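The values are calculated or read from the model by the stated rules, or taken from the named source; none is laboratory data. Everything numeric in this text was worked out from a predicted model, so none of it was measured. Here Cβ is always computed from backbone atoms with ideal geometry, including for glycine, and neighbour counts include all displayed protein chains. We work out accessible area using only protein heavy atoms, side chains counted, and drop any ligands, DNA or RNA first. Shrake-Rupley method; radii C 1.70, N 1.55, O 1.52, S 1.80 Å.
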Amino acid sequence: MSTRPRRPAARPYRRPRRDPVRILAFEALRAVDERGAYANLVLPPMLARARAAGTLDARDAALATELVYGTLRRQGTYDEVLRECVDRPLREVDPPVLDVLSLGAHQLLGTRIPSHAAVSSSVELARCVLGDGRAKFVNAVLRRVAARDLDGWLAELAPPYDDDPEGHLGLVHSHPRWVVSALWDALGGGREEIERLLAADNERPTVTLVARPGRATVAELTEEGRAEPGRWSPFAARLAEGGEPGAVDAVREGRAGVQDEGSQLVALALANVPLTGADTRWLDACAGPGGKAALLAALAAGRGAQLLAAEKQPHRARLVARALADNPGPARTVVADGTRPAWRPGTFDRVLVDVPCTGLGALRRRPEARWRRGPEDLDGLTRLQRALLRSAIESTRPGGVVGYATCSPHLAETRLVVGDVLKGLADAGGPGAEWIDARPLLPGVPDLGEGPDVQLWPHRHGTDAMYLALLRRI
């Protein structure tokens, strides 16, 4: 009879539990990482498909949304924590593994999910999408992350404020140092105000709708109790918490759309500048994806004017054309480069040029933008912004008005661009432009500064950080 000890029976293999919420969140992060996609563009159709297939309900969709946006907003902070918990440089960790770790870190440090559930669900996700070997690595790292809460990690990792204000605020509020510095310069004020702004960038924004004039009303958007009137724009309605734009009939039919209230205010201010003489030809020189163009076109139609919406990128021009479909008056879309106009100088009475920018004003909605842009991007962007503004002024008739807008408060993209262009036109000795005080054209909106331009802020106005300068061609 053999005296060898018996080997313990091998554990039967257990298939990993598939969690549709976390798998969808992981796939959204991979799209953001691999394809350079924006979460606010890729996540909604993913959620819609999952709900149509019956794999997610409304509560699941809300959790998936929180996991994706929360992970992206806090990416910088979580990266610093993970550096302390991983035994190699983060650049040597495969990106899919890092996405699973980041999702786990957010559940541990940024939600109320119990630690054991956050770790175990992340390990199961790793088994599903990465394999058992990497799941063990994920388990080991997240157990180290779980040793402290977020405040404990920040106390250990953040430099003291008095020694390094930008570094401290950047880690605590998860913004790159250069972004903290740029926002602080634009905002002015002390520590309390910049902290309020950075905190607002990490809050989930309210979804705001626009009732396009002549096609829908705010009363229609609010009558079912799914929304309430906006704060500043007469065409704005704010969706209730958890409300879905696609559930609103007017949105599905294109008579209303999703548009931040700051964006609405920019279009309204341009439309309401008093003019002498003709007021029949309006231009949106950088119209994609079409939100401001749709509002301007509807306003123009109510006055017997016509909007031309120009967009350089054909796929974005198609979005503009879709937004302008069924406009109550004439409106046209053209594929055209605003720096090399397809129209004669002095053609238009009102011109909007909402220029490409760093997007630092919309970090609530596009949190990944803070990690994609760098100060080295500014040279190319500001050259383009100056060229577009010069062309917009040249496209405007004498006495007409130009609105220069950016979704960035960075001074290099706002006042400095406008100042440089106006000085260049004056030095050239030809037709130029002069400032118009934009503040009276945003009635009821407080804290607009000393003018003549306007800078909106998330923490002050509840809008994106839109900038507007209004200029009259002379």
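Values as computed for the structure displayed
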{"item": "Residue list for the range 49-88, given a label point 7 angstrom along the Cα-to-Cβ vector of Arg177 and an amide N cut-off under 15 Å", "result": "77, 80"}
{"item": "For the chain: relative contact order, % (alpha-carbon pairs under 8 angstrom, 6 or more apart)", "result": "11"}
{"item": "The range 41-186: C-alpha gyration tensor shape, a/c 1.5 cut-off, then a/b vs b/c", "result": "oblate"}
{"item": "Built amide H within the under 5 Å cut-off of Ala433, gap 5+", "result": "Ile474"}
{"item": "Size of charge dipole - the range 369-453 - debye, nearest 20, with Cβ of Lys, Arg +1 and Asp, Glu -1, no other charges", "result": "260"}
{"item": "Simple Cβ-charge dipole of the chain, Lys/Arg +1 and Asp/Glu -1, about Cα centre, in debye nearest 20", "result": "2000"}
{"item": "Cα shape, the range 321-413, gyration tensor, a/c 1.5 rule", "result": "oblate"}
{"item": "Spin-label model distance (nm) - Ala428 vs Arg191, 7 Å beyond Cα toward Cβ", "result": "4.8"}
{"item": "Loop sites in the range 161-270: chymotrypsin sites (Phe, Trp or Tyr not before Pro), DSSP, at most 14 other Cβ within 10 Å", "result": "Tyr161"}
{"item": "DSSP loop trypsin sites (Lys or Arg not before Pro) with at most 10 other Cβ within 10 Å: longest gap in the chain", "result": "113-474"}
{"item": "Spin-label pair Ser115/Asp19, simplified geometry with 7 Å Cα→Cβ offset, distance in nm", "result": "1.7"}
{"item": "Exposed GluC sites (Glu not before Pro) absent - longest run of the chain, DSSP non-H/G/I/E/B, at most 15 other C-beta within 10 Å", "result": "1-202"}
{"item": "Spatially proximal lysines relative to Lys292 (Cα-Cα < 17 Å; intrachain offsets below 8 disregarded)", "result": "Lys312"}
{"item": "Residues of type aspartates and glutamates that Lys136 reaches as a straight line, Cα spacing below 19 Å, ignoring anything fewer than 8 places off in the same chain", "result": "Asp19, Glu84, Asp87, Glu92, Asp94, Asp99, Glu124"}
{"item": "Gain on full stretching of the segment that runs from Arg30 to Asp149 - 0.36 nm per residue minus C-alpha separation", "result": "40.2 nm"}
{"item": "Contour excess over end-to-end distance, with Cα ends at Glu156 and Ala342 and 0.36 nm allotted per residue", "result": "61.2 nm"}
{"item": "Virtual paramagnetic centre 7 Å along Cα→Cβ of Asp249, amide N under 20 Å, in the range 203-217", "result": "209-217"}
{"item": "Accessible carbon and sulfur surface of the range 151-207 relative to its total accessible area, %, 1.4 Å", "result": "46"}
{"item": "Extreme residue, positive dipole direction of the chain, given options Gly462, Gly399, Ala428 (C-beta unit charges)", "result": "Gly462"}
{"item": "The range 363-474: C-alpha pair distances exceeding 21 Å, %", "result": "41"}
{"item": "Estimated 222 nm signal from helices in the chain, with DSSP H stretches of n ≥ 4 weighted -39500 (n - 2.57), rounded to 500", "result": "-14000 deg cm²/dmol"}
{"item": "Calculated FRET efficiency for the pair Arg91/Leu416, C-beta based, R₀ 30 Å, to 0.05", "result": "0.30"}
{"item": "Reach of Lys423 by Cα under 21 Å, taken over lysines that are not fewer than 8 positions away in the same chain", "result": "none"}
{"item": "Extended-chain gain in nm, criterion 0.36 nm per residue less alpha-carbon gap, Arg59 and Glu228", "result": "58.6 nm"}
